[in-house]
Structure formats: C-alpha cells, structure tokens
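No value in this document is a laboratory result; all are computed from the given coordinates. Being a predicted model, the structure only gives us computed values, none of them experimental. Cβ atoms come from the backbone with ideal geometry, glycine included; neighbour counts cover every protein chain shown.
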C-alpha cells in the first residue's frame, strides 16, 4: 500500500475549467483528464498545461460539481483493489440521480456528450431510458416536452403502420 | 402551479431534439424494443428514429398473443436500418404467454429469423432463454463477445469455436460440455446437473459457479485461470462432490496458474471434516500461491 510513491499530496496539478456561464472550477489533473474534451485540449500543447483555462462552452456551472463528483468517485472505484462491492457503486449512482429532474438529467446528458466521457454518458442515458420504460405515449411526450405535430388522422395511420407495438397496451 | 414561473422555464421544449441524434438512438436502443417503436407517434421528428436502434429487446411477455409477438418481431427486423447489432435479448419462455404446439412452431421460426438477422449484423452480445434451433452459423460468429442463456429445461451441448467470446453466463441451463474448449469467462448459475462437468479450457480466466446442485467439477488444464468463485446450495449427496463438503459455503479462490481444482478438493474436504459446520460466508483466501500438485 505504501508503494504509491510519488503521491505527495502537496503536488497535485490543478487545471482550471470555465463553465458556460463563466464560473471557474479548479480540478485535479487526473480528474480533468477523464474528460476527452479537456484531454484533447492539451494534446500537442502539453506545456500549456496548468496555466490555461479550458472553456467548456456547453456545460453550465449548475451541473459541474455533480459531474466532477461523478468522475472523482468512479475513477476511485476503478482504481481500488479489490474492486468496490456492486452495492457501493449502485448506492453512489442512485444518490447521484436522486432529486434530479428530467430536465436536469437531459442537460447533464448534453454536458456529458460535450465533455465526451463515455462512462458518464452511458450512465445518464441508461437512467433516461429507465425513466420512460413501460410508459404510455402521452407520458413519454410529456417527459421530453415534445409537441405532437401530427393530425389525429396522421397519428392514427402511423399507429396502424406499427400496430404490433401498440397492441395490448393500456394507454394511461 | 403558474406561480412557479421562474422566468421562461415553463415553456415547452423538445428537450431531446437538442440532443445529437446518436444519443437519441442510443437511448432508444436501451429500451424494450416495443417501447422504442412506440416513439414513432411522438412527433414527426421521431417517426423513424427507432429504426436506428443498435440493440434489440424482444420479450414475448409484453404481447397479448403469439401472433402479435411474431408480427412485431417481423416488423422490426424488416424496418430496422442495416446497422451492426450490439446486443440482442430474446425471451420466449418468460411466462407471459402459454406454450403450445403452435407456439413452439412460432418460437422455432422466430429463433431462426432473429438469429440469422443478428449473425448477419455482427451482434456482440446475446441474452436468451432459447437454447435450441440456433442456426449452425451462430457458432462461427466472430463478433460475439458475451453469451447468456436462461432456460431451465434445456441441455446445452455445443459450445465450441467461439473464438471471440469473453463471457459466457448460464442460468438454469444444464450443460454437457464434454471436452469443449472454452476461452471465456465462464459464469454458471442455478445449474441442474447431477454428475460430472469437465471443463478443459486453457484460456479460461474467470470461473463463477453460482448455486448449483450435486456436481463433480473437474477443471483440467485451466492454466490461465486467475479467479474462481463458488457458491453452493446446501446439500447432502455423496462425498465425491465438492458441493457436499462445502454446503452453502462461498469461496473466493484467487488461484495460481496451473492450480487444479480437483486437487484442491481433498484439501477442502479435510477442512470440512474438522469443522462440519461451515459458515455461510466461509472464505478461503489462503490458497494464493499454493503449489499445483498436492
């Protein structure tokens, strides 16, 4: 355990990220490098490190603390030996989503997509899919805030084209 | 409710239409395919979105009849875009619909159609409770990485030539592997098997045996084995099986390469004879580094 030699906690490099609304976040380098978008910012430009502020145009500062928290915890889970029990990871993930509205979830998906981090994106899209599974068409429309631009006749025709998907369904 | 009007937050937005298409398709791919297809009536933008899904989840339990299930599956296979398939889940025995001679015929037809589609679209993962009527080409499929079978009544015999498979998971499936060579992570659970399982798998890295009945497990030439996990049912059969001696015991065995499980058997027996009451979370971790030939 003591062999993690150079982890002198005094010398963790920090990188400054700037959210869409201008707010700055100081982030430990390994955490920042979880984001492909940040990583590619420095490619071929390594000496620019540290001093540069990385602008994250599509990420609002509202979600930054939660997102960074996700990276910190999940990279710790990955490194730990033996690996953490599944319940621990599950508990963290559930707590992460608790109190997040559908709209916040969508915004975070967009942020994760922009930051290009597969793990977070997979986790959030899975959560979105879970929220709408087994739900009626009306519910899913409301969930996404979609305006129905079909006429009733058109909608009836499309339902008929895909009749097997609507068969035996109780619309609520 | 209008009192909540936090500036323009109440305005209607098609939130997902802000998302790149590939994310929309990905979300639809994670859902039961029936739910995904039903998004065709959400709006004009959504009408054909579902045809871009990369995974298929067919489960007869959510249909009112076999005819409806068959109609749906056929419709989907016919309309999906010609994309590589990541994952297929195909469940025909999940208790939703009654089984009959007619249903068996439908299941047979669907199995061929679904698997042929999956193979030609280079699928990587499959979970199914169908264990026969596979097209023979399944076993030559070079993209398949993960295979999970769930079916209480079938015996699985063929497990050969999966060159790319990394995980094989068997729930409630009897297996008769003979000397088939596996190069996968093998997870077996709820195995109804009385007798011998012989696993000859020089490339097997991880073996998990979960809740099985009487079993004499013989792992030969598993020289790549790095980890084995064993969880057994309580049972009272003869002493030939490791199961008896380790009733309800859970082992975590980080094994050294070349370690033979049949060689471990006598050691395990000794432990249990000394202390017949084996605790439920009996853990043996001291086997690390044990020489293979004892």
Exercise. Picking from A:158, A:146, A:109, which is most flexible by a Gaussian network model of chain A using Cα springs under 10 Å?
Worked result: A:158
Problem set entry | Degrees, to the nearest 10: A:118-132 long Cα axis against longest axis of chain A | 30 degrees
Problem set entry | Distance-filtered residues of segment B:108-138 - backbone nitrogen under 13 Å, label point 7 angstrom along residue B:94 Cα→Cβ | B:127-130
Exercise. How many Cβ atoms of partner chains, on average, are near each residue of B:71-82 if near means within 10 Å of its Cβ?
Worked result: 2
Exercise. Could you give P(r) for segment B:76-147, binned at 5 Å from zero, as whole percent values over all Cα-Cα pairs?
Worked result: 3, 15, 27, 25, 17, 9, 3, 0
For this session: Run a plain Debye calculation on chain A (Cα atoms as equal point scatterers, no solvent) and give log10 I(q)/I(0) at q = 0.10 Å⁻¹, rounded to two decimals, same order as the q list.
Result: -0.55
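Does segment B:29-124 come out rounded, prolate or oblate, given a ≥ b ≥ c as the square roots of the eigenvalues of its C-alpha gyration tensor, rounded meaning a/c under 1.5 and, failing that, prolate meaning a/b above b/c? Write down the numbers at each step before the final one.
Values: a/c = 2.13, a/b = 1.38, b/c = 1.54.
Oblate.
How much FRET efficiency would the formula 1/(1 + (r/R0)^6) give for residue A:159 and residue A:45, where r is the Cβ-Cβ distance and R0 is 60 Å, rounded to 0.05?
For residue A:159 and residue A:45, the calculated efficiency is 0.65.
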Problem set entry | Average partner coverage of A:118-131, which counts Cβ from other chains inside 10 Å | 3
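Output the antiparallel fraction of DSSP beta bridges having both residues in chain A, as a percent to the nearest 5.
Working: 5 of 8 bridges.
Roughly 60 percent of the DSSP beta bridges within chain A come out antiparallel.
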Exercise. What angle do you read, to the nearest 10 degrees and between 0 and 90, between the alpha-carbon axis of helix A:86-97 and the longest principal axis of chain A?
Worked result: 70 degrees
Exercise. Okay, which of segment B:59-77 sit inside 16 Å, backbone N to the point 7 Å along the Cα-Cβ direction of residue B:109?
Worked result: B:65-77
Exercise. What angle, in degrees between 0 and 90 and rounded to the nearest 10, separates the Cα long axis of helix A:102-115 from the longest principal axis of the Cα atoms of chain A?
Worked result: 50 degrees
For this session: Mind giving me the nanometre distance, one decimal, between the label points for residue B:116 and residue A:78, set 7 Å out from Cα along Cα→Cβ?
Result: 4.2 nm
Seminar exercise, completed: Per-residue ellipticity at 222 nm attributable to helices in chain A (runs of n ≥ 4 DSSP H, -39500 (n - 2.57) apiece, nearest 500 deg cm²/dmol) works out to -15500 deg cm²/dmol
